[in-house]
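Note sheet for the following structure.
Taken together, the values in this text are just the output of simple stated rules run on the coordinates, not laboratory data. From a predicted model like this one, the values you see are computed outputs, not experimental measurements. Here Cβ is always computed from backbone atoms with ideal geometry, including for glycine, and neighbour counts include all displayed protein chains.
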Amino acid sequence: NPTAIAVRHASMYYGDVLAVDDVTMDIPEHSVTALIGPSGCGKSTFLRSLNRMHEVIAGARVSGDIRIGGADIYARGIDPVLVRRKVGMVFQKANPFPTMSIADNVLTGVRLNSRRLTRAQAEEIVETSLRSANLWDEVKDRLNRPGSALSGGQQQRLCIARAVAVKPEVLLMDEPCSALDPVSTLAIEELMAELAEDYTIVIVTHNMQQARRVSQQTAFFSISGPSQPGRLIEYGPTS
Ligand code: ADP
Ligand code: ADP
């Protein structure tokens, strides 16, 4: 597949501390790439550099070159908000707005785009997004119930529906299953395979079995000792 994300000599810092050193890799589109490695080796930090979330921490910065769909996401004048719209993110702990309805949760990102939606447009986006997240059949009769009414696995799929509702090019997932039971985990893993037909997916996992089940490429990160930076040590087809 063509390259979706081209990373060249990218490093991530927290203040003066180098957290991830000199990553170069090409992530192909419409596939799942797993980032794997021991705790603290910089997987999450690297992932968050791909949608300019890393820099929301005071003093945190990225050097080097990261291009998504050919566009330098760190070029001068690029609005990080637009990058985050193009590159959606799902977190370890599902974080729907608990008191907001299921439908409105799906629409939060879309509404931030300041476009006025008709009721019909909103319904269409809610249904399409929930179908993409394999959640529609379970919630179609209770779209006005709060997000908190759903199980943990359903909440994670709701967060995936919210992410895809804005039609991103890339989906980043930071340990999306590590707070879930095995049945919910399987549902998310199956969903990832389906989403990879339409999206480029990058997932952080500490579970090699999961990387084998879901990914076509695996990037192994490592760290040589305390207060050493994380490094990409191997990258290639998942074996
Ligand atoms: P992983 O996801 O592989 O467990 P992280 O990306 O979370 O690794 O962390 C990489 C390194 O960056 C670790 O040394 C961690 O302590 C450090 N780090 C993470 N978040 C922060 C932060 N907010 N401020 C300073 N250092 C951080
Ligand atoms: P109303 O009919 O006055 O919009 P509802 O109680 O039906 O009130 O809906 C409450 C909120 O949930 C509204 O903001 C509405 O946009 C949203 N909503 C409800 N159902 C749907 C749906 N099927 N598709 C999209 N949005 C919905």
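Quick notes
- Filtered residue count, segment 184-229, keeping only those that are surrounded by fewer than 20 Cβ atoms within 10 Å (Cβ to Cβ), within 16 Å of ligand 1 (Cβ to nearest atom) and more than 16 Å from the chain's Cα centre (by Cα): 10
- Scanning segment 22-76 for residues that are among the acidic types (Asp, Glu) and either touching a Gly at 6+ places or on another chain (Cβ under 7 Å) or more than 26 Å from Ala193 (Cβ to Cβ) (or both) returns Asp22, Glu55, Asp65, Asp72.
- From Ala161, Ala179, Ala187, Ala193, residue being within 16 Å of ligand 2 (Cβ to nearest atom) and not basic (Lys, Arg): Ala161
- Residues that are touching a residue at least 24 places away in the same chain (Cβ under 8 Å), assigned to a helix (DSSP H, G or I) and either surrounded by fewer than 19 Cβ atoms within 10 Å (Cβ to Cβ) or among the β-branched types (Val, Ile, Thr) (or both), drawn from segment 158-183: Ile160, Val164, Val183
- Scanning segment 214-239 for residues being over 14 Å from Ser31 (Cβ atoms) and not hydroxyl-bearing (Ser, Thr, Tyr) gives a total of 12.
- Within segment 22-60, the set of residues being surrounded by fewer than 17 Cβ atoms within 10 Å (Cβ to Cβ), within 12 Å of ligand 1 (Cβ to nearest atom) and not small (Gly, Ala, Ser) comprises Pro38, Glu55, Val56, Ile57.
- Cross-chain or 6+ apart pairs with Cβ under 9 Å, segment 110-126 first and without any contact (Cβ under 8 Å) to a residue 24 or more places away in the chain and farther than 19 Å from Arg85 by Cβ, then away from ligand 1 (no atom under 16 Å from the Cβ) and part of a loop (DSSP other than H, G, I, E, B): Glu123/Leu143
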